[in-house]
Structures are given as structure tokens and as C-alpha cells.
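Only one structure is covered here, and it is reproduced in the block below.
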Amino acid sequence: MARYTGPKSKIARKFGEPIYGPDKHLDRKNFPPGQHGLNKKRRKISEYGIQLREKQKAKYTYGLLERQFRNTFERASRDKGITGEVLLQLLESRLDNVVFRLGIAPTRAASRQLVSHRHITVNGEVVNIPSYQVKPGDIIGVREKSKSLEIIVESLRSAKGLRLTWLEWDDAQMAGKFMNVPDRSDIPEDIKEQLIVELYSK
């Protein structure tokens, strides 16, 4: 299973945002990594550089490698609607992202692992493909044998009150419903998707 396994704090510092969640290193060193990190702030970035940076940020945020991200973009460009918005909607509809948004896992990386290790069900059936596209009406739950896992219990406890409008959670069943594909205004990620479209359109 291909995934990014490098230093996450370095990536967060590169973008100046906690894209992998709270990061004490980013709080302490809020400037780009490397020998000339502080001086890099003064260098003017080209238009291409700005577009590339935005694509890289989206890629790292959702935990995709280049080929996966490119394939998702190509699918978005074929679908009806505004390509940039459709791209984010496809990323938000991935099973690993939905598991994270429901609060079953504390991070997207952890949710990807839960899915891969067969702890997650969709409509009662175990699904172990992180990129599986969840559809409106699907029920995403925790497999019966996995409901006592410490990582899941702790994550659900800390996620209370952080639910999003397009998701519905049932504590008793330890399952959530994907109500609808989110509108762009409902997606909390700070990503300028139009820059990604411009980059791939060159």
C-alpha cells in the first residue's frame, strides 16, 4: 500500500499549517525547514510555484501520492460541475477520510490503517480499501470485534461535538451515515482548489 512515510513535521513547517493535526514542532518553529528556512520567506514564488505548492498541500492533507491524486483529478475533470469543487468532494468521499471525519480515528493516517486492517464496515460489509468512494446513504461503522480498540474509543471520546453537517453519528451503534456529498462551503480545509485546476490545465 503506497503512502507517504517521511517526516510529517517538516511537511507541516513547509506549508506553515498543521496539515497532520496539532504539531508542537510547528508551534515552536513556524518557518520553513532547512538551513535557510527563515530567509525563504523573503523569496518571491513564481505563479507555477504557488500552484504546485497548493497541489502538494492538498496531496499531503488527504494522504495521497502523485498518481492517486492525478487520477482523482482526471475523474473530477470528467464529472459534471466545477472541477476544483468536484475534486475536493471526491477526496472527502474517500472511506479513509470519512472514517477520520466521523471521529473514529484521530488522523487520516490512522483511519487509513483502520480501514486496511479490516476494522471498518460499509453497510455491514468489511471494506479494506482506503480509496473506496462512499455514497450518500452509506452507513460506515466499526466492526463488532473492533469496537473496544483503544484508539477508536479514545478518538470517539475526543471527537464529540466536532461532527460535520453531511455526516450523522449514532453512538449506540458506533456507526455513521454519509448523508450527502458536502458543498465546498462545508469543507473546512484551507485549499485553493482553483490553483490545482490551473496547474493541471497547463
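Miscellaneous remarks
- Full extension of the chain between Tyr48 and Asp190 yields a length gain of 49.2 nm, computed as 0.36 nm times the residue separation minus the alpha carbon distance.
- Burial order of peptide ranges 54-67, 101-114 (average beta-carbon count within 10 Å, highest first): 101-114, 54-67
- Computed E for Glu74/Gln133 - FRET, C-beta separation, R0 22 angstrom, nearest 0.05: 0.90
- For the range 138-152 and the range 165-183, distance of Cα centres in Å: 14
- Given Lys59/Lys192; Lys57/Lys177; Lys59/Lys145; Lys55/Lys202; Lys135/Lys192, the pairs whose alpha carbons are separated by over 22 Å: Lys57/Lys177; Lys59/Lys145; Lys135/Lys192
- Net charge dipole, the range 94-180: roughly 180 debye, given to the nearest 20, about the Cα centre with Cβ charges of +1 for Lys and Arg and -1 for Asp and Glu.
- Counting neighbouring Cβ atoms within 10 Å and putting the fewest first, the residues Val126, Val197 line up as Val126, Val197.
Every number in this text was worked out from the coordinates using simple rules, so none of it is lab data. Since we're looking at a predicted model, the values are computed, not measured. All Cβ positions, even for glycine, are placed from backbone atoms using ideal geometry, and neighbour counts span all protein chains on display.
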